[in-house]
Amino acid sequence: MVSASRPSRSAVRPLALDHLVLTVGDLERTCRFYVDVLGMAARPYGDARFALHFGDQKINVHDSAALRPPVARRPTPGSADICLLVEGPVSDIIAGLTEWGVPIESGPVERTGAAGPLRSLYIRDPDGNLVELSVRVSSENADPSDDSSPFSRDIR
């Protein structure tokens, strides 16, 4: 069982996550989804590679039919589970996803993020990767008029 740990004397001190890699079955379809639905920017890099940029981060997108080492041990489309911090009221996010015809798999639900509480929705990208869309919850963005806790609902 994993238990809470105290800071180690490790030689490595991570600062932040710079990028992650999604292995995808259809590069163009995936880029369209992340650009059109999730508002990222697709930019080429290197030799016929693409990255999805947002804020100071990026997601490198690797075509499963054209992988170049080094790669993960089992690079597989649909095996990722990521959480993106997003702006807006959750109701606006739901409306936008509905407009694009993107089903909400779960949510809104309460989750715990790296920096505090989140209000999250779960969707799937074209490869079936689970994408959690989360809004940070604070007293400033809580909706006091909402009597029913949005955390107790599970939309299917």
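Miscellaneous remarks
- Per this entry, Arg73 is not counted among residues that are free of Cβ contacts under 8 Å to residues at least 24 places away in the same chain, touching a Leu at 6+ places or on another chain (Cβ under 9 Å) and among the basic types (Lys, Arg).
- Number of the exception - Asn60 against (1) in contact with a His (Cβ under 6 Å, 6 or more places away or on another chain); (2) at positive phi; (3) of a type outside the set (D, E, K, R): (2)
- Whether a residue is among the β-branched types (Val, Ile, Thr) and in contact with a His (Cβ under 9 Å, 6 or more places away or on another chain) was assessed, and Ile94 does not pass this test.
- In the set Gly107, Gly55, Gly96, only one residue is loosely packed, with under 11 Cβ neighbours inside 10 Å, of a type outside the set (S, T, N, Q) and closer than 17 Å to Ser134 by Cα; that residue is Gly55.
- Just one of the listed residues (Ala51, Ala65, Ala95) is in a loop (DSSP other than H, G, I, E, B) and of a type in the set (A, V, I, L, M, F, W, C), and it is Ala65.
- The stretch 108-156, residues that are modelled with pLDDT of 95 or more, more than 15 Å from Gly88 (Cβ to Cβ) and aliphatic (A, V, I, L, M): Val109, Leu130, Val131
- Residue check, Asp18 exposed (fewer than 15 other Cβ atoms within 10 Å of the Cβ) and of a type in the set (Asp, Glu): yes
- For the stretch 100-123, residues that are assigned to a strand (DSSP E or B) and aromatic (Phe, Trp, Tyr) total 1.
- Number of positions in the stretch 31-48 that are assigned to a loop (DSSP other than H, G, I, E, B) and at pLDDT 95 or above: 4
- Filter result (in a loop (DSSP other than H, G, I, E, B) and at pLDDT 95 or above) within the stretch 1-30: Gly25, Asp26
The values are calculated or read from the model by the stated rules, or taken from the named source; none is laboratory data. The structure presented is a predicted model; accordingly, all values stated were derived computationally and were not measured. Heads up, the Cβs are rebuilt from the backbone with ideal geometry, glycines too, and the neighbour counts pull from every protein chain shown.
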